[in-house]
Structure formats: structure tokens, C-alpha cells
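Encoded as C-alpha cells, the structure appears first; notes follow it.
The values are calculated or read from the model by the stated rules, or taken from the named source; none is laboratory data. Keep in mind it's a predicted model, so treat the numbers as computed, not measured. All Cβ positions, glycine included, derive from the backbone under ideal geometry; neighbour counts span all protein chains shown.
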Amino acid sequence: MNRTLKIMPEGLVIKVPFGRKLSDVLEEAGISLSLYCGGRGMCGKCFVEIVRGDLPEPNEEERVLLARRHLPPNHRLACRYRVEGDLVVRVPAGSRLPEMPVLSRGLGRTLVLDPAVRKIRLTRPTTDLTSPRAFLDSIAGRFSGSRLPGSVKTLKELTRIASVDTADTDMTAVLYQNREWISLEPGDTTGRNFGIAVDLGTTTVVVELIDLNGGTIVDSAAGLNAQVKFGADVVSRITAAFADPNKMEELRAAVVGGLNELITGLLQTNQVASETVYEAVVAGNTAMSHLFLGLPVATLAVSPYAALFSVLPALPADETGLAIHPRGRVYLAPNIQSFVGGDIAAGLTAIDLEHQDGNFLFIDLGTNGEIVIKKGRRFTTTSTAAGPAFEGMTISCGMLALPGAVYKARYRQDGLRLETIAGQPAKGVCGTGLIDIIAGALDGGLLSPQGHIRSPSKTIALTNGLALSQKDVREVQLAAAAVKTGIRMLLDENSMTTADLDGIYVAGAFGNYLNIPNSVKLGLLPRFDRSRIHFVGNSSLAGARALLLSRPERARCEILARKVRHVSLAKGADFQELFIEALEFKTWK
């Protein structure tokens with residue numbers, strides 16, 4: 001028998017079958033929740049207020065989360081609550097997936113504009129009884145080496161154009177790589193030629209609409225990766241897909257649907273028809289690229305964690321589900337090896353690291369911590385299980401870098417001084433604020449170098465009821481230690497120390513506002529000349545843009561991805577010892 005559920009503040013009233021999980025019901029009703037732990041009741045991000053209805057006793061874990069979040073006793077986790085009676089719930093803003101601001105566009109570079117998609121104006125061929133040459137032959141004869149349209153849909157489109165009774169003598173051919181026909185359009189449409197660049201992150205996704213004729217960014221949009229409801233990290237999502245083939249399809253549908261929402265919004269805002277978007281380039285880590293295509297992740301779930309593919313040809317858009325021209329193309333930035341994927345290959349392309357003289361360290365600080373060392377012409381890489389702590393996902397009062405997030409902090413004699421994004425009242429703590437708070441707590445003696453909170457309450461009080469728990473500090477220790485250990489082992493692998501480096505590149509939106517002295521104090525970054533540490537923003541997005549706009553860059557990226565050597569940290573003889581040592585908050589060289 002159905003029960004009645006009223007959702008506030010929307011005022012939405014729906015019928016719900018007895019026993020349904022509340023989080024599932026809310027998702028189906030269009031209320032996207034912050035299910036960062038995959039709905040396992042661990043992150044405490046999906047609390048709802050039970051305004052009227054059954055209020056079951058919280059279990060021990062839920063009771064701890066209620067206390068940690070300083071929530072009234074009528075709040076329950078939506079992922080644990082079963083609808084067994086009529087119910088009125090209020091879903092607070094903090095439990096919903098937020099809208100995202102546009103992230104940094106990354107490091108700019110001068111490129112030779114040579115996109116894979118080209119539009120050419122043609123004059124409609126004329127035929128008469130003395131020479132009734134086939135319409136398609138007349139067109140194709142003008143493009144030596146190009147392949148004729150190979151689908152019935154395209155042929156039907158050509159038939160429609162060939163039979164149009166119009167005084168317009170112009171047509172426009174849309175070619176891919178100067179060989180494959182995407183479309184033949186009536187009239188002169190050469191001025192409308194667009195592409196999409198995508199940074200497919202584990203936590204966030206960013207989309208840019210690009211004018212392929214001029215190489216300019218028309219507009220950008222960003223949002224959370226819709227897969228976060230299956231878990232905040234790639235391991236959770238791989239586990240879900242590996243255990244249940246139906247979940248794999250749900251993961252694919254979630255990320256493609258989320259991308260299409262961003263793409264459709266951009267196109268509507270800028271009055272661009274989807275039929276004039278002919279290619280998308282997607283840069284994501286190895287797991288994200290597999291899940292985006294709905295490919296099995298079995299090889300990523302077990303050692304040696306090998307990808308199904310590295311370099312793929314561009315795929316037909318209609319096979320991927322992206323909302324662009326159905327016969328357009330979708331190109332995935334090439335994976336390197338194991339969990340080091342196309343986002344890193346694109347990032348290395350964005351900063352043109354291959355052609356810089358000297359030795360460099362490249363770090364992408366995101367949900368996964370990928371590290372690359374360039375020694376002369378040799379590239380070595382590894383990935384670390386940094387987890388989503390730096391993006392606030394596993395922190396009790398953590399949040400993304402949105403208005404109201406604490407993003408800067410410093411210790412004074414009267415305590416911690418906090419700064420929030422947009423100067424709004426503090427709602428939570430994002431990654432950069434987390435680093436500053438931990439560093440400030442060390443300065444003030446509130447925290448030991450071993451990560452022990454010294455106050456009797458075992459919390460670091462912030463403001464507005466916000467506080468970091470001992471578990472939160474441990475999350476930061478684990479994330480920082482993973483990155484630190486990865487850097488050290490890659491340096492050792494190349495018989496180098498930090499003194500041998502000519503520069504350090506820090507990528508990722510997290511790195512844009514990172515406080516270098518505080519990062520060094522925690523050991524997240526090595527002690528190094530600050531003038532030679534370069535923050536390059538969203539290098540994955542910048543690289544995707546470069547691959548979209550320049551065929552030569554795409555070819556170079558594919559070659560580079562194949563020659564980067566991957567090192568597995570777990571197989572290192574001294575990994576465990578170095579990791580345990582790295583758990584202590586201290587500077588290192």
C-alpha cells in the first residue's frame with residue numbers, strides 16, 4: 001500500500017510504496033542528494049528533517065553523525081530511512097548536490113588552430129539530360145581521398161538536400177579529419193562550427209563550448225559528477241560496477257545524463273543548436289573513461305589494474321549518448337597506464353611539459369593524487385589513493401569550494417581566524433581551508449605532529465557550530481601521506497632529490513588557492529623555491545581544449561601517453577615504511 005510523502009520546501013507531494021528507501025524516492029523525485037559514501041550511511045551528508053511522521057531510533061553510527069553535525073534530534077539519514085507511513089520531510093540545502101561555479105580554465109597556450117572538424121562551402125551541382133551524373137559523385141569528386149558517407153541516415157539526408165527546390169546554390173560539407181563525412185547541410189553554414197571540451201573529474205565535471213572556427217571559448221559550465229551518489233571515490237564506483245552489471249549501466253547513465261544537462265544548458269544559453277556541435281573531447285581518469293563508455297571495469301578491480309584501452313579512435317557521438325550532432329565524434333584523451341588516465345595526459349599536453357628543458361614534478365591534487373616526474377626526456381608516473389578529503393567529501397563539515405566554505409585560515413593568539421568564499425557565514429570547510437586549519441592548529445599547539453587533537457573534546461572548534469573531529473584529521477593525514485609517499489618514491493625511482501628539480505607544477509582546482517607554506521608545513525609539498533612552484537589550474541580541461549582545437553597536439557598526446565612509464569607504489573619494498581613515516585605532519589626536502 002502506498003504512503004504519502006510531502007517534500008519541503010518544494011511542497012511536492014508524491015505516493016511512495018511501503019518500505020522504499022527515502023534517498024531513492026527523493027532521487028526519483030528530482031532531489032539530488034549528497035550521497036558521497038554511496039548510500040552506506042557513512043558520510044553523514046544526506047540528513048533530512050522529519051517534520052511529521054515516524055521517527056525511528058537512530059543507530060549508534062547515526063547518533064554519532066548527528067552529534068558531529070550538531071543537528072536537532074528529528075534529523076535522519078535519507079539513505080537509512082524506510083518510508084513506512086505518511087511523511088513530511090524537509091531537505092536542507094547542505095544535503096543537496098550544489099550547483100557548481102565554473103572552475104579555472106587552466107593554463108593558456110598558443111596553439112596552431114587545426115581542429116579535426118572542417119566545414120566547406122560548396123556550390124550545388126547542376127545536372128541535365130545530357131549529363132545526369134549522380135549527386136553524390138558530383139560532391140565527392142571535389143574531395144580526393146575522402147570516404148563517401150557510410151550510413152543510410154546520411155544518404156537520406158543527402159537525398160533531402162539534393163531534392164530541395166530552392167534558389168540557394170550553396171551547400172556546406174562537414175568533414176572529419178578531411179576524410180569522413182559527418183553531414184551535408186543546405187546553405188552556407190560555415191560560420192556555425194562548435195565543439196565541446198570536457199574535464200570528467202571524479203567529483204566535479206566542467207564543460208566548455210568552443211568555437212572551432214576561431215578557437216575561442218564561448219561559455220563554460222560545471223557541476224558535480226552525478227556518479228557521486230554511488231560513492232565519492234573511484235574505488236567505490238569500480239566496486240559497484242564490478243559487483244553488479246546493472247550498476248555499471250546506472251553509472252554510465254548518471255555521468256552521461258549529467259554531462260548532457262550541462263551541454264544542453266550551454267547550448268540554450270548561447271543559442272547554439274546541438275546539430276552544429278560536431279565533436280567532444282573528454283579528459284578523465286582511467287576509471288571515469290571506462291564508466292563513461294559503460295565498459296566493464298573488471299581489469300581495474302584486480303591487480304595489476306590494467307585499463308581496457310589506452311588510445312581509442314574517435315567514437316560516433318550517438319553511441320556515447322552525448323547531446324551533440326548524432327554523427328559527430330567523441331574523442332577520449334588517451335589513458336597512460338593503470339589509474340593514471342586521460343586527464344593527466346591532457347594536463348601534460350596543456351603545459352607542454354614534454355618540450356620544456358629540465359627536470360619537473362607534476363602533481364594533480366584532486367580526488368586521486370597523480371604524480372609525474374620528467375627527468376630529461378624520460379617520464380615516470382604513479383597514482384596515489386589520496387581520496388576525496390581535499391575536496392571536503394570525507395570530512396564531517398567538509399564541502400566543495402562554494403560560497404560559505406572556509407577556504408583560508410590562520411592562527412592568532414585568540415584562536416583561528418577564518419575566511420569564507422564570498423564572505424558568507426561559514427557553512428563548511430573546503431580543501432584549501434582544511435590545509436590552513438590543520439597548519440594553524442599545529443602552530444597553536446591544538447594538534448600534535450602525530451595528528452592527535454589535544455583538547456579534551458577531541459575536536460578543533462571553528463565557528464557556527466563547525467568543528468574538525470579526530471577522524472577528520474586522520475583523513476587529512478592519510479591523503480597527505482599518500483601524496484608525499486608517491487612523490488618520494490618517484491624521486492627515488494629516478495635517483496633524484498628535490499634539489500634536482502627545476503620546477504613543480506600543481507594542477508587541479510584545489511591547487512589554485514593552496515597556501516604553499518602551510519602545504520610545506522604539513523609535508524604535502526616538499527620544501528622548494530616558491531618562485532618555481534607553478535599553479536596551473538584545471539590542466540585537464542585546458543588539455544581537452546587543446547586536443548579539440550589541434551590535431552598535431554592530439555597526435556603528440558597519444559605518443560606521449562604511450563611512452564610514460566608507470567610505477568606501482570604498492571610493489572615498492574619500502575612503501576609501507578615510507579607511508580607510515582609520512583603520516584606525521586612535518587616538513588621534508
TODO: Scan the helices (runs of 4 or more DSSP H) fully inside region 495-589 and keep the ones with 1 or more residues being among the hydroxyl-bearing types (S, T, Y), buried (at least 17 other Cβ atoms within 10 Å of the Cβ) and touching a helix residue (DSSP H, G or I) at 6+ places or on another chain (Cβ under 8 Å).
DONE: 516-522, 539-549
Task: Leading residue by the ranking (farthest from G465 (Cα to Cα)) among those in region 387-404 that are assigned to a loop (DSSP other than H, G, I, E, B) and under 15 Å from the mean Cα position of the chain (by Cα) - done: G387
Task: Sole residue being over 30 Å from the mean Cα position of the chain (by Cα) and surrounded by 15 or more Cβ atoms within 10 Å (Cβ to Cβ), chosen from P58, P17 - done: P58
Task: Filtered residue count, region 300-317, keeping only those that are in contact with a His (Cβ under 9 Å, 6 or more places away or on another chain) and either more than 20 Å from I559 (Cβ to Cβ) or surrounded by fewer than 17 Cβ atoms within 10 Å (Cβ to Cβ) (or both) - done: 4
TODO: Give just the number: which of (1) in a helix (DSSP H, G or I); (2) surrounded by 14 or more Cβ atoms within 10 Å (Cβ to Cβ); (3) in contact (Cβ under 8 Å) with a residue 60 or more places away in the chain does L434 not satisfy?
DONE: (3)
- [ ] For region 332-365, enumerate the residues that are under 21 Å from L293 (Cβ atoms) and either assigned to a loop (DSSP other than H, G, I, E, B) or without any contact (Cβ under 8 Å) to a residue 40 or more places away in the chain (or both).
- [x] A333, P334, N335, I336, S338, F339, G341
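Quick one: in region 68-113, of everything that is among the small types (G, A, S) and modelled with pLDDT of 85 or more, which residue is farthest from the chain's Cα centre (by Cα)?
Residue satisfying both the conditions and the ranking: G85.
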- [ ] Give me the pairs, please: first residue somewhere in region 539-552 and touching a residue at least 40 places away in the same chain (Cβ under 8 Å), second residue anywhere and surrounded by 24 or more Cβ atoms within 10 Å (Cβ to Cβ) and of a type in the set (S, T, N, Q), beta-carbon distance under 7 Å, and either six or more positions apart or on two chains.
- [x] G543/T349; A546/T349; L547/T349
- [ ] Please find, among L71, L35, the residue that is touching a residue at least 12 places away in the same chain (Cβ under 8 Å), of a type in the set (A, V, I, L, M) and over 16 Å from R90 (Cα atoms).
- [x] L35
- [ ] Assess whether A509 counts as being at pLDDT below 95 and under 22 Å from E577 (Cβ atoms).
- [x] no
Open item on the list: Here's a check for you: in region 24-65, which residue that is in contact with a Gly (Cβ under 9 Å, 6 or more places away or on another chain) and polar (S, T, N, Q) is modelled with the lowest pLDDT?
Closed with: S34
- [ ] Scan region 445-466 and give yes if some residue there is within 25 Å of F535 (Cβ to Cβ) and surrounded by 14 or more Cβ atoms within 10 Å (Cβ to Cβ), otherwise no.
- [x] no
Task: Residues of region 1-14 satisfying the condition of being at pLDDT 95 or above and charged (D, E, K, R) - done: K6
TODO: Among what's in region 347-388 and is aliphatic (A, V, I, L, M) and in contact with a Lys or Arg (Cβ under 9 Å, 6 or more places away or on another chain), pick the residue that is nearest to L569 (Cα to Cα).
DONE: L361
Open item on the list: Looking only at region 366-383, count every residue that is part of a strand (DSSP E or B) and under 30 Å from S95 (Cβ atoms) and tell me the total.
Closed with: 1
TODO: Determine, yes or no, whether V473 is closer than 30 Å to V372 by Cα and at pLDDT below 95.
DONE: no
Open item on the list: Considering only residues that are assigned by TED's automatic domain parsing to the domain that holds R252 and modelled with pLDDT under 95, which ones fall in region 327-338?
Closed with: R327
Task: Selection from region 189-228 of residues that are surrounded by fewer than 24 Cβ atoms within 10 Å (Cβ to Cβ), aliphatic (A, V, I, L, M) and in a strand (DSSP E or B) - done: L209, I217, V218, A221, A222, L224
Task: Count of residues meeting criterion [among the hydrophobic types (A, V, I, L, M, F, W, C) and free of Cβ contacts under 8 Å to residues at least 12 places away in the same chain] in region 295-317 - done: 1
TODO: Only one of these is at pLDDT 90 or above and over 23 Å from A499 (Cα atoms): K563, K586, K571. Name it.
DONE: K563
